[in-house]
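Quick notes on the structure that follows.
The values are calculated or read from the model by the stated rules, or taken from the named source; none is laboratory data. Here the structure is a predicted model, which is why all the values come from computation and not from measurement. Please note: Cβ atoms are built from the backbone with ideal geometry, for glycine as well, and neighbour counts cover all protein chains shown.
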Amino acid sequence: MLVGALLALASACGEKREASPKLDVGEPPPVACQVDGECGAGRCDPLRGCVACLFDSDCGADFHCTDRKCQAIKPCQSQPDCAEGVCDLNLLECVECLRAEDCSGTAHCVSSRCVPYTACQRESDCPAEQRCNTGTRSRPRGAPNRSELKCQAALAS
């Protein structure tokens with residue numbers, strides 16, 4: 001009887017089945033946590049789970065915490081020292097941007113990082129849970145005075 005069940009199972013493995021859709025997983029899902037102690041050497045981010053860092057102080061002396069990962073600081077004295085980005089002459093390190101013009105496409109510079117946004121003219125141009133800021137024509141600090149309006153998170157009512 002056991003042999004019969006194994007044979008039936010083995011023959012089922014040979015049957016054609018529809019392939020399951022491939023998922024673009026990118027990074028592994030976050031490990032849920034409540035406190036840092038649950039994250040080994042990492043930190044507990046209540047919104048993202050266990051991460052490498054929350055603040056620069058969580059990383060070594062020559063690192064910054066960027067996107068919850070410790071990234072090496074790239075020192076510079078002038079623009080040619082930076083293979084990517086621009087040289088921040090105040091910090092003497094390479095950064096992604098200093099102003100919106102350093103970013104490509106629909107992105108503005110926030111805290112030395114290019115942050116993409118979705119340009120819109122009406123609500124239907126925006127992803128779900130976002131609204132077109134048609135009433136304010138506001139722009140983030142440091143963003144150029146561009147004519148595009150931007151989708152932004154909808155405020156809770």
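Residues are listed down the side, and each one gets a yes or a no for (1) within 30 Å of C126 (Cβ to Cβ); (2) in contact with a helix residue (DSSP H, G or I) (Cβ under 9 Å, 6 or more places away or on another chain); (3) surrounded by 12 or more Cβ atoms within 10 Å (Cβ to Cβ):
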position	(1), (2), (3)
G37	no, no, no
G40	no, no, no
C44	no, yes, yes
F63	no, yes, yes
R68	yes, no, yes
P75	no, yes, yes
P80	no, no, no
L91	no, no, yes
C109	yes, yes, yes
For this session: Filter the range 41-81 down to the residues that are in a loop (DSSP other than H, G, I, E, B) and of a type in the set (K, R), then identify the one that is farthest from C97 (Cα to Cα).
Result: R48
Exercise. So L98 clears everything in (1) over 30 Å from L149 (Cβ atoms); (2) in contact with a strand residue (DSSP E or B) (Cβ under 6 Å, 6 or more places away or on another chain); (3) part of a loop (DSSP other than H, G, I, E, B) except one condition, right? Which one?
Worked result: (1)
Exercise. Which number in (1) farther than 28 Å from C65 by Cβ; (2) modelled with pLDDT of 85 or more marks the one condition that A154 misses?
Worked result: (2)
Seminar exercise, completed: Counted residues in the range 109-144 being more than 30 Å from K74 (Cα to Cα) and at pLDDT below 55 come to 4
For this session: Considering only residues that are closer than 30 Å to L89 by Cα and surrounded by 15 or more Cβ atoms within 10 Å (Cβ to Cβ), look in the range 112-134 and name the one that is farthest from the chain's Cα centre (by Cα).
Result: S112
